[in-house]
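Following: one structure in structure tokens, then a few remarks.
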Amino acid sequence: MDSSKIIKCLIELAPVISAFMPLFVIFLTGLWASKRLEKIKSRLQIDHTIIKKRAEIYSEIQDDLNDLYSYILRVGKWKELTPPDILEKKRNIDQKLYSTNPYWSQCTMKNYEKFIKICFKTYRGHGKDAGIRAEIEKYKGLANWEPRFNESFVDGYDEAELKKANKNFMESLSKDFGIV
């Protein structure tokens, strides 16, 4: 077949091709949109699953987090707690957050670490517990105070920094939950 016959054939088919071309484009666009929507749906399902798991984890640590913050800030039921209670709560929170680290954003983990650094002095020596950064004199008059609790406290309490670190940590948790 020579080129003139091919051209003549194409010219004759041009009206048919042009009539079906919009349908073909619509069909291809529909396929692309369908695949794109499936990917979006899949991603939303994954996000929902992750947020649900985060909520489950948070529900296991929220009371301990609140007790820790309240004790150092001296609000709420802080008078009912002791330094060993607070250190145990810190350990529980640490264990839960670090063992589920893949579920949390880097920002949340970074803000948690900053919050803990404001609340405690860690790595005080082999076999020594973390020290609670608080004004020890405010605790010594409590009914549940024992002299052995003296070694549980360290200097460095800063209420403004504590509130700021808590706020930043809570905001990053909110972002991880898709609230903000």
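The numbers here are math on the coordinates, done by the rules we state, and not lab data. Here the structure is a predicted model, which means the values were calculated and not measured. Backbone-built Cβ (ideal geometry, glycine too); neighbour counts: all protein chains shown.
Could you sort 108-117, 126-135, 17-26 so that the peptide with the highest average Cβ count within 10 Å comes first and the rest follow in order?
Packing order, densest peptide first, comes out as 108-117, 126-135, 17-26.
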Ranked 13, 97, criterion: other C-beta atoms within 10 Å, fewest first: 13, 97
Residue by residue, what Karplus-based ³J(HN,Hα) values in Hz, rounded to whole numbers, does region 158-170 have, using 6.51, -1.76 and 1.60 with θ = phi - 60° and x for Gly and Pro? 9, 4, 4, 5, 4, 5, 5, 5, 5, 4, 4, 5, 5
Quick one: if you stick a label point 7 Å off each Cα along the C-beta vector at residue 155 and residue 55, how many nm between them? 4.7 nm
Positive-pole candidate from 45, 25, 120, dipole of the chain, charges at beta carbon: 25
Of 8/35; 52/128; 96/163; 41/89; 53/128, which sit over 27 Å apart, Cα to Cα? 8/35; 52/128; 41/89; 53/128
Dipole magnitude of region 50-176, debye to nearest 20 (Cβ charges: Lys/Arg +1, Asp/Glu -1, about Cα centre): 300 debye
Estimated vicinal HN-Hα couplings, Hz - region 125-138 in sequence order (Karplus 6.51, -1.76, 1.60; Gly, Pro = x): x, 4, x, 9, 6, 4, x, 7, 7, 7, 7, 4, 4, 6
The exposure ranking of 51, 7, 86, fewest beta-carbon neighbours within 10 Å first, is 7, 51, 86
Amide H neighbours of residue 145 under 5 Å, counting only residues 5+ apart in sequence or on other chains, H built in-plane at 1.01 Å? none
Under 1.5 on a/c is rounded, so check that first for region 64-180, then, if it is not, pick prolate when a/b is larger than b/c and oblate when it is not; a ≥ b ≥ c are the square roots of the alpha carbon gyration tensor eigenvalues. prolate
When the Cα centres of region 58-78 and region 85-129 are compared, how far apart do they sit, in Å? 14 Å
